[in-house]
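Read through the structure below, which is laid out as structure tokens, and then see the notes.
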């Protein structure tokens with residue numbers, strides 16, 4: 001399940017971007033600014049993790065194996081579209097790469 005804080009999060013692609021936004025939104029004592037005074041902003045950054053990109057996320061089994069063994073259509077990640085850094089964040093936070101997904105009817 002994807003949480004509201006994850007849906008409303010800002011996902012950074014680098015530690016530099018993360019630090020810039022943190023300073024802008026929340027301020028920096030070192031820089032002597034108070035920022036924008038925001039309190040309810042979630043900023044995510046996975047560039048420095050052991051799995052920094054979407055292509056390095058691994059599902060527990062292949063889609064073919066999932067379909068044959070469990071008769072499921074795919075992982076939640078297979079049915080979502082979006083920027084790779086955001087999908088990678090959702091893999092980290094909600095494990096969408098290893099959660100069985102069901103496509104919505106159009």
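The values are calculated or read from the model by the stated rules, or taken from the named source; none is laboratory data. Please read these numbers as outputs of a predicted model, since none were measured by experiment. Glycine gets a Cβ as well: all are built from the backbone with ideal geometry, and neighbour counts include every protein chain shown.
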- [ ] Starting from residues that are in contact with a helix residue (DSSP H, G or I) (Cβ under 8 Å, 6 or more places away or on another chain) and not in a helix (DSSP H, G or I), keep the ones in region 1-27 and report whichever is modelled with the lowest pLDDT.
- [x] 1
- [ ] Just give me the residues in region 4-17 being surrounded by 12 or more Cβ atoms within 10 Å (Cβ to Cβ) and closer than 17 Å to residue 93 by Cα, in sequence order.
- [x] 5, 6, 9, 10, 11, 12, 13
- [ ] Scan region 55-85 residue by residue and report those that are within 14 Å of residue 6 (Cα to Cα) and buried (at least 16 other Cβ atoms within 10 Å of the Cβ).
- [x] 85
TODO: Starting from region 51-75, take each residue that is part of a loop (DSSP other than H, G, I, E, B) and list its partners that are surrounded by fewer than 11 Cβ atoms within 10 Å (Cβ to Cβ), counting only C-beta distances under 8 angstrom and pairs at least six apart or across chains.
DONE: 61/69; 72/102; 73/102; 73/103
Open item on the list: I'd like the full set of residues that are free of Cβ contacts under 8 Å to residues at least 24 places away in the same chain and either in contact with a helix residue (DSSP H, G or I) (Cβ under 7 Å, 6 or more places away or on another chain) or surrounded by 16 or more Cβ atoms within 10 Å (Cβ to Cβ) (or both), limited to region 34-50.
Closed with: 35, 36, 38
